[in-house]
Amino acid sequence: MRKVFTVGLVVALLLPLLTIGQGQPTDTLGRVKARGSLICGVNNAVPGFGFLDERTGTFSGFDVDYCKALATAIFNDPAKVTYRPLTAAARFTALSAGEVDVLIRNTTWTFSRDVELKLNFGPVTFYDGQGFMVRKASRINTLRDLNGATICVLQGTTTEQNLADMARRLGITIRPLVFTDVTARDKAYDEGRCDAMTADASGLAGARVRLSRPDDHKILPELISKEPLAPVVRHGDDTWYDIVKWTVYCTIEAEELGVSSRNVAQLRTSTDPNIRRLLGLEGDFGRKLGLDSNDWCANIIAKVGNYGEIYDRNVKPLGLERIVDGKPSPNASWNDGGLIYAIPFR
Amino acid sequence: MTKAARIPFWRDLRVLRALAQVLFVIFVILLGNWLYTNLQANLKRTNISFSYDFLQQPASMGISEGLPFQPTDSYQYAFWVGVFNTFRVVFLGMILATLVGLIVGVARLSSNWLVRTLSAIYVETLRNTPLVVQLVFWYTAVFLKLPRVDESLELPGPIYLSQRGLVMPQPQPTESFALWGMALGGGLVVALGVYIARRIYLERVQRPGTPWLWGLSAFLLTALGSWFLLPQAPLRWEPPVRGIFNFEGGMQFTPEFTALLLGLVIYTAAFIAEIVRAGILAVSKGQKEAARALGLTDFQMLRLIVLPQALRVIVPPTTSQYLNLAKNSSLAVAIGYPDLFNVANTIINQSGRAIEVILMIMGSYLTISLLTSLFMNWYNRRVRLVER
């Protein structure tokens, strides 16, 4: 009887595992169309990327705009999105279980996520990296200056490991103060409990604007990890994966070709074959993707904007420029020396 | 025989009862088996293996307090540091919660209106708000509002108080510490002798008294005497030194630890206070009147008559409160204290070994709780009413 009890206990504990991988429909696009809205897994606490304004109840940010772009490609209506705020821990389970159609939640593309979790990552929309925020008055200018410092960290990703590895590499000691809640972490740093705070640079920039005195803080230029952020879908629906991929490339290609929300209407008369294919005037690309209309990309550009417009609207206000002092960041267009590069539309 | 033959087995209550139990056991086994095979299949399908090998790998994480820890230490040691931190806060929490609970519980029955009302307000407020809210309040609204580390309050000692915590000098043994240790051992023997002698004497003259106080005094006298007689003080106070960012060395109590301890103590004490009050009220009025008639003072009455009888009522529910306190300590994650749950979460994140680590977490809390129960049951047997 005791053995039965033990087995029962173990089984009860593992019960949630059983649900993983069940009930995946094969046709995500069909489900989205039937439902009449796209369910997008987003962040709700990172200003500039995915943020819920509690007064108005609206989501905004870079990632949120890509949800809108995807909805526009399908429905020609950026409002047809149901946002599902997800925690870092729950996001992949929610995606695998089919609770969301796509995950656009500042998620780093890594080998284990791509391969072991059976996910497909779309094009990188933002090249992020783990950095440090410190007080300007603290005289911390390089990573080595952090020797002996207390550092506020959020649990849930590889942030702690990157931090420990950095300390080992540089031969310094640091005291990480580990929080499970963004608000508690920000509060502890803001009040002075920690000398520095570490997170992805995008998250730090977002956190900085919420501090009591944002101008007293700076983000160190050195980054200690590569965090390419990309939209994610689950394995098993390549048509859907293609739609997500080409939605992103549509915004990037539009920027490269100089098509923006302001001139997209006039450029319908353009003779440039690249622009004509992008705007669906030639090539029948929309129908090949399984979408209702060939205007899908033109609609995205008109209603959401090209990559540069999306970036400038959301990320630039955080103080993260694409070109800093003439030097391109990885998020500059490849024409400017960055890494943002679209696959050709032909 | 004829009677038994008249009742068919499907109407025989004894058979039916046994049958019901057998059926239920079979159902449970089948359910368990189904869940287990399903689990096995899913684990296999998702390529998840079950193994504790990862425990020996370097943890690659930092732990802000507790036993000394390096990122190159193993996951296993990281987990132990977490267990140690949990144990530290739970052990101190139980002792302090008992003391506070006892005082408040007695105060709730005080004849003084102010004391009675204040303790009632304390109990009702603290008992009826969620603990996690209280913890966040203590941490963010009290401890983080202390002065910054650059502007630490300096108390004599030197003791520094800032939002980085309470830092005080730490005693360090000097060369004569071994000698002093021997003196302490001698003092213990002397104290025991004095205690026994005093007890025998009190027994003989049939008078109440406090033999333990005599023993304690004897011990303290030897300890202090030998301290001053030794050529060099056996302990040296090593003051904390201000580093670039924090104080280094000395004894440090971080705000996370203090907030968690305070939160747990204040919360649990409110429940214990009610248990104590119930226990005292359960002692019949006649007992107190008899004690008064014998001329005992209020304190003597409480110590000799009321509490020993009240303990029989108090101990079992208090055990539950201790168990709650131990389990509630896992709320440390809300305020960044590296307890076993917090550390284990990081281990899960980094190693991906969720099932194994969750089993370890459960095993640890189970062990702490069972040890507490074991001790409390032993104590309960000691204080319970011996019926003859």
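We did not get these values from a lab; they are worked out from the coordinates using the rules stated. Everything numeric in this text was worked out from a predicted model, so none of it was measured. Every residue, glycine among them, receives a Cβ derived from its backbone with ideal geometry; neighbour counts consider all protein chains shown.
Table for the structure above
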| read-out | value |
| --- | --- |
| Cβ-based charge dipole, chain A, positive-most Cα from A:Val46, A:Leu279, A:Gly36 | A:Val46 |
| Virtual spin-label span in nm between B:Val28 and B:Ala141, 7 Å along Cα→Cβ | 4.7 nm |
| Residues of type aspartates and glutamates that A:Lys33 reaches as a straight line, Cα spacing below 14 Å, ignoring anything fewer than 8 places off in the same chain | A:Asp77, A:Asp101, A:Asp292 |
| Extension gain, B:Met182 back to B:Arg14 (0.36 nm per residue minus Cα-Cα distance, nm) | 53.5 nm |
| Per-selection Kirkwood Rh - the stretch B:310-375 (Cα, Å, 1 d.p.) | 13.2 Å |
| Estimated [θ] at 222 nm from DSSP helical runs (n ≥ 4, -39500 (n - 2.57)) normalised by residues in chain B, nearest 500 | -21500 deg cm²/dmol |
| Exposure proxy order (Cβ contacts within 10 Å, fewest to most) of A:Arg139, A:Arg322 | A:Arg139, A:Arg322 |
| Spacing of the two label points (7 Å from each Cα toward its C-beta) at B:Asp53 and A:Asp53, in nm | 5.3 nm |
| Normalised contact order of chain B, rounded percent, pairs of Cα under 8 Å and 6 or more residues apart | 21 percent |
| Which of B:Ser49, A:Ser138 has the fewest Cβ neighbours within 10 Å, and the rest in rising order | B:Ser49, A:Ser138 |
| Members of A:Lys187/A:Lys316; A:Lys187/A:Lys218; A:Lys303/A:Lys327; A:Lys118/A:Lys245; B:Lys285/B:Lys327; A:Lys136/A:Lys316 lying beyond 27 Å, as alpha-carbon distances in this model show | A:Lys303/A:Lys327; B:Lys285/B:Lys327 |
| Size of electric dipole in the protein assembly as shown: Cβ of Lys, Arg +1 and of Asp, Glu -1, about Cα centre, debye, nearest 20 | 3520 debye |
| 10 °C / 1.306 mPa s Stokes-Einstein diffusion coefficient of chain B, Kirkwood radius on C-alpha pairs, µm²/s | 60 µm²/s |
| Antiparallel %, DSSP beta bridges [both residues in the protein assembly as shown], to 5 | 70 percent |
| Chain A: antiparallel DSSP beta bridges as a percent of all, rounded to 5 | 60 percent |
| Relative contact order [Cα under 8 Å, 6+ residues apart], chain A, whole percent | 20 percent |
| Segment B:Glu248-B:Leu109, length gained on full extension (0.36 nm per residue, minus Cα span) | 45.4 nm |
| Listed residues A:Ala164, A:Ile224, A:Leu146: farthest to the positive end of the dipole of the stretch A:130-225 (Cβ charges) | A:Leu146 |
| Furthest towards positive pole of dipole, B:Phe219, B:Leu19, B:Val190, structure part the protein assembly as shown, Cβ charges | B:Leu19 |
| Sequence-distant residues sharing a close amide H with B:Trp237 (under 5 Å, placed H) | B:Gln172 |
